[in-house]
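Working notes, beginning with the structure itself.
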Amino acid sequence: MVASRRGSGSITLPTGQTMTIHTRTHEEEDLPHATKKTMADHLRKYESLFTLTPQRMRMIVEAFKDSLELGLQKPKQVVPMIPTFVFGWPTGKESGDFLALDLGGTNLRVCLVTLQGEGKFEMTQTKYRLTEEQKQDEGQKLFDFCAECLKTFVDTNFTDEDGTSLLKPGELLPLGFTFSYPCYQSRIDHGELIRWTKGFGAKNTEGRDVAEMFRQSIEKYKIPVVMTAIINDTTGTLIASHYVNPKTKIAVIFGTGCNAAYMEDVKNIDKIKELKINEQDQMAINCEWGAFDSFEHEHLPRTKYDMIVDETSNKPGEQAFEKLISGRYLGEILRLVICELIDEGVLFLGQETYKLETPYVFETAFLSLMESDPTDELLMIIGIFTHFFAVETTLAERQFFRALAMLIGRRAARLSACGIAAIVGKMDYLDEGCLVGADGSLYNKYPGFADRVHEGLIDIFGEKGRNIKTVHAEDGSGVGSAIIAGQERRGPISACISRFMEISVTLG
Ligand code: BGC
């Protein structure tokens with residue numbers, strides 16, 4: 001049949017499936033929709049499940065602080081507090097050309113960063129989207145792909161029009177490798193993958209030195225680079241943000257995954273005492289806070305939807321904090337609530353809902369769009385549900401979905417505030433105040449995320465919470481990586497590193 005511009009109908013797809021088409025009209029009542037009152041009653045239930053009181057937040061902060069301390073004291077704790085071997089802040093005077101390769105949650109990026117000193121820089125970059133297969137395939141193949149992309153980038157940017165290399169014979173370009181997964185480090189150019197996160201599962205990689213694996217791929221493709229550092233995106237963000245604004249003391253990423261880094265006094269990192277590093281030094285710590293409350297699940301308020309997300313993930317029990325906060329999971333949490341209401345016969349009665357039943361089809365970007373829909377009729381939400389899921393919604397349902405997105409997004413931001421507050425409290429930054437360099441798709445694109453984090457900080461600390469401000473960070477995975485690669489090439493840090501290389505300990 002030809003679908004009319006108004007009302008509803010169904011068409012048979014080439015696959016044989018039937019797709020119901022509903023064009024929204026003023027005659028919404030022709031489908032058995034839930035009443036406004038029913039939706040309001042359900043919303044109240046979800047409000048109580050997803051709302052965090054200031055008191056609860058303060059309790060989480062206390063437990064969080066204990067976990068951070070424990071991670072510094074002993075190796076291999078749940079929150080591993082990884083010493084990064086990045087010593088101290090940049091001077092802001094770093095300069096020169098550096099390559100950075102950034103393997104994050106969703107994309108692979110190759111960047112050429114020109115540091116111009118005085119906190120200034122320029123950057124050229126190429127981005128590649130990773131496929132789901134690449135994330136699950138053999139690890140070495142993933143690094144081969146990284147090397148292939150790097151080679152194309154170097155060939156393109158370092159040859160003239162005749163194809164002649166612009167590099168001097170034997171010249172090697174310094175490369176910082178931003179690898180945004182938890183790795184134990186015993187040197188700056190070494191990183192043993194503890195576990196994949198963010199849905200990655202590439203085989204034969206966990207427990208191995210990923211820097212060495214990538215080096216093998218670089219050699220295979222004969223690329224004229226020398227990898228001087230492997231760094232986490234949060235460490236890069238910390239260094240890059242401080243390069244641009246020295247008031248930065250903490251860096252956070254709220255993207256596909258979530259995490260934080262800050263600068264710690266070496267004398268407070270008990271678990272590396274045997275390395276006999278100068279106690280006056282400072283070292284960046286990659287907290288890997290996404291793992292907070294993993295396995296035991298004692299402190300975080302998990303709903304049954306969070307538990308399903310966890311149990312059906314490729315890493316049950318792990319990254320408990322991250323699973324409540326990060327962009328990879330928020331859409332899925334909302335989808336699970338919708339599916340429950342479909343099963344209970346509340347939503348979409350008489351409509352085909354199979355499109356909503358596939359895990360992870362409801363992207364976190366939809367929550368952002370729903371929250372930022374400026375129209376009274378919530379036309380954006382109509383678009384999402386009809387275009388992507390072929391279901392018709394009433395205004396009451398759309399208001400409900402928007403409110404639900406708000407609850408899930410707000411909880412994520414308030415929990416993020418708890419993590420920041422734990423570092424602020426532990427380091428005693430509250431009175432003097434500090435900037436928190438922040439990056440990641442959730443922070444940058446989710447409407448109101450930063451404001452909600454700030455509100456959360458005030459709920460935790462009272463008025464003094466205003467002293468802590470998140471600011472959009474400079475591209476840490478690129479610029480931070482370049483600055484660190486640059487520091488390494490200059491040498492002062494390399495000199496101390498070689499001292500530690502002789503001491504074989506596994507750090508955590
Ligand atoms: C990883 C961290 C990373 C964060 C943000 C987490 O899943 O474990 O290493 O910093 O995502 O990208």
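Some observations on this one:
- Against the test of being modelled with pLDDT of 95 or more and of a type in the set (S, T, N, Q), the options 232, 245 yield a single qualifying residue, 232.
- Taken over region 411-435, the criterion of being touching a strand residue (DSSP E or B) at 6+ places or on another chain (Cβ under 7 Å) and over 21 Å from residue 63 (Cα atoms) is satisfied by 433, 434, 435.
- For region 375-384, residues that are in contact with a helix residue (DSSP H, G or I) (Cβ under 8 Å, 6 or more places away or on another chain) and either under 27 Å from residue 255 (Cα atoms) or touching a residue at least 40 places away in the same chain (Cβ under 8 Å) (or both) total 5.
- Extreme residue, nearest to residue 269 (Cα to Cα), among residues of region 84-107 that are within 13 Å of the ligand (Cβ to nearest atom) and in contact (Cβ under 8 Å) with a residue 40 or more places away in the chain: 84
- Of all residues in region 435-452, those that are outside any helix (DSSP H, G or I) and touching a Phe, Trp or Tyr at 6+ places or on another chain (Cβ under 6 Å) total 1.
- Any pair with Cβ under 7 angstrom, 6 or more apart, that starts in region 281-308 at a residue that is closer than 27 Å to residue 231 by Cβ and open to solvent by 10 Å² or more (accessible area, probe 1.4 Å) and ends at one that is more than 16 Å from the ligand (Cβ to nearest atom) and of a type in the set (Phe, Trp, Tyr): 281/87; 282/87
- Close pairs from region 310-333: first closer than 13 Å to residue 258 by Cα and more than 10 Å from the ligand (Cβ to nearest atom), partner polar (S, T, N, Q) and outside any helix (DSSP H, G or I), Cβ under 6 Å, at least 6 apart: 320/294
- Members of region 249-291 that are away from the ligand (no atom under 14 Å from the Cβ), out of contact with any Lys or Arg (no Cβ under 7 Å at 6 or more places or on another chain) and more than 16 Å from residue 89 (Cα to Cα): 267, 268, 269, 270, 272, 273, 274, 275, 276, 277
- Evaluation of residue 246 against (1) on the phi < 0 side of the Ramachandran plot; (2) out of contact with any Gly (no Cβ under 9 Å at 6 or more places or on another chain); (3) open to solvent by 10 Å² or more (accessible area, probe 1.4 Å); (4) away from the ligand (no atom under 16 Å from the Cβ) (one fails), failing number: (2)
- Region 171-201 - residue that is within 14 Å of the ligand (Cβ to nearest atom) and of a type in the set (Gly, Ala, Ser) and, of those, surrounded by the most Cβ atoms within 10 Å (Cβ to Cβ): 191
- Among residues of region 127-170 being part of a loop (DSSP other than H, G, I, E, B) and surrounded by 11 or more Cβ atoms within 10 Å (Cβ to Cβ), the one that is nearest to the chain's Cα centre (by Cα) is 130.
- Residue within region 425-434 that is within 17 Å of residue 102 (Cβ to Cβ) and open to solvent by less than 20 Å² (accessible area, probe 1.4 Å) present: no
- The test for being modelled with pLDDT of 80 or more, closer than 29 Å to residue 277 by Cβ and of a type outside the set (Phe, Trp, Tyr) holds for residue 485.
- Residues within region 435-444 that are surrounded by fewer than 24 Cβ atoms within 10 Å (Cβ to Cβ), under 22 Å from residue 407 (Cβ atoms) and modelled with pLDDT of 95 or more, tallied: 2
- Verdict on residue 402 being touching a Phe, Trp or Tyr at 6+ places or on another chain (Cβ under 6 Å), more than 16 Å from the ligand (Cβ to nearest atom) and either at pLDDT 95 or above or not β-branched (Val, Ile, Thr) (or both): no
- Looking at 340, 318, 432, just one residue is outside any loop (DSSP other than H, G, I, E, B), among the acidic types (Asp, Glu) and modelled with pLDDT of 95 or more, and that residue is 340.
The values are calculated or read from the model by the stated rules, or taken from the named source; none is laboratory data. Here the structure is a predicted model, which means the values were calculated and not measured. Using ideal geometry, Cβ is built from the backbone for each residue, glycine included, and neighbour counts are taken over all protein chains shown. These accessible areas exclude ligands, DNA and RNA; they are computed on the full protein's heavy atoms, side chains included. Shrake-Rupley method; radii C 1.70, N 1.55, O 1.52, S 1.80 Å.
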